Amino acid sequence: MRNRDPRALCPPLGGSRRLTTLRVFASVRDRRKGFLIAGGAAFPCALGRSGIGTLKREGDGRTPRAALPLRSVLFRADRIGRPCTLLPLRAIASRDAWCDDAGDRRYNRLIDRPPGEAEERLTRDDPLYDVIVELGWNDAPVIRGRGSAIFWHLARPGFSPTAGCVAVEGHVFAKVLPRLARRCVMRIA
């Protein structure tokens, strides 16, 4: 009988300790770019077009300054293989969207939407959402208008700014996701 323990399938790289904290800092040269620190490794990242901020509102382009739990990993099974992680994992379906309408009772939640309707579509033509880590922002409890769809996802070429998320190159997910503890937190300072 095969071993079904996910830790056997995804051994942490570089030792047996899992990462419980990731740190994100803005660059002193450009507040829209920064660094993601995972253990002893530093990776460049893109931040929101308004940099990191304490007061977060829907559409303001700020990456929230906070300690955000990593809730789950969503991925495009039609584009990439199953990521190696202990976090809850789910393939993105064609109707998946994230509700960013502050007037909707489902605000800041994964929802089912027919193609073509508004909301933050998770099946994009570009690769930005091929891997998404849902960050625990404004979800316990949800406060309408305080910001939605704060993710850790893939970066655009040149690390152009996000709408408030943290974005990295694809190889970073391959290196870091297998090392994360189930209760990992991203500290954005």
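The values are calculated or read from the model by the stated rules, or taken from the named source; none is laboratory data. Here the structure is a predicted model, which is why all the values come from computation and not from measurement. Counting neighbours? That spans all protein chains shown, and the Cβs are built from the backbone with ideal geometry, glycine included. Remember, those area values only see protein heavy atoms, side chains included, never the ligands or the DNA or RNA. Shrake-Rupley method; radii C 1.70, N 1.55, O 1.52, S 1.80 Å.
Within the chain, which is the longest segment containing none of the trypsin sites (Lys or Arg not before Pro) that sit in a DSSP loop and have at most 11 other Cβ atoms within 10 Å?
Longest stretch, sites excluded: 106-189.
Name the residues whose placed amide hydrogens come within less than 5 Å of the amide hydrogen of Ala155, ignoring near sequence neighbours (fewer than 5 apart) on the same chain.
Val168, Glu169, Gly170
Can you give me the relative contact order of the range 92-163 as a percent, contacts being Cα pairs under 8 Å and 6 or more apart?
32 percent
Output ³J(HN,Hα) for the range 28-41: one whole-Hz value per residue in order, computed from phi by the Karplus curve 6.51 cos²θ - 1.76 cosθ + 1.60 with θ = phi - 60°, and x for Gly and Pro.
Each residue's phi maps through the Karplus curve to give 6, 8, 8, 5, 8, 10, x, 9, 9, 9, 10, x, x, 9 Hz.
Hey, got a sec? Which GluC sites (Glu not before Pro) in the range 49-157 land in a DSSP loop and have at most 10 other Cβ atoms within 10 Å?
Glu117
For the range 149-189, taking Cα atoms only, what is the radius of gyration to one decimal and the Dmax to the nearest whole Å?
11.1, 31
Stokes-Einstein at 4 °C, 1.567 mPa s, Kirkwood radius from Cα pairs: D for the range 51-149 in µm² s⁻¹?
Value of D from the Cα-based Kirkwood radius: 90 µm²/s.
Is it possible to state the helix-based mean residue ellipticity at 222 nm for the chain, with each DSSP H run of 4+ residues giving -39500 (n - 2.57), the sum divided by total residues, to the nearest 500 deg cm²/dmol? What is it?
-1000 deg cm²/dmol
Rg/Rh for the range 83-128: what does it come to with C-alpha atoms and Rh from Kirkwood?
So for the range 83-128, dividing Rg by the Kirkwood Rh gives 1.01.
Expressed in nm to one decimal, what extension gain is obtained for the pair Arg49 and Arg124 from 0.36 nm per residue of sequence separation less their Cα-Cα distance?
Extending this stretch completely gives an extra 25.0 nm.
Taking the Cα-to-Cβ direction at Ser94 and at Arg106 and moving 7 Å from each Cα, how far apart do the two end points lie in nm?
1.8 nm
Report the convex hull volume per residue for the range 101-189, counting only C-alpha atoms, in Å³.
Normalising the Cα hull of the range 101-189 by residue number yields 133 Å³.
How high is the relative contact order of the chain, in percent, counting Cα pairs under 8 Å that sit 6 or more residues apart?
31 percent
Report the semi-axes of the equivalent ellipsoid for the chain in whole Å, largest first, where each axis is √(5λ) for an eigenvalue λ of the Cα gyration tensor.
So the three semi-axes of the chain are 25, 21, 15 Å.
Any idea of Asp100's accessible area? Nearest 10 Å², probe 1.4 Å.
Per-residue accessible area (Asp100): approximately 60 Å².
In the range 111-180, what percent of the accessible surface is made up of carbon and sulfur (1.4 Å probe, ligands and nucleic acids excluded)?
For the range 111-180, the apolar C and S fraction of the accessible surface comes to 54 percent.
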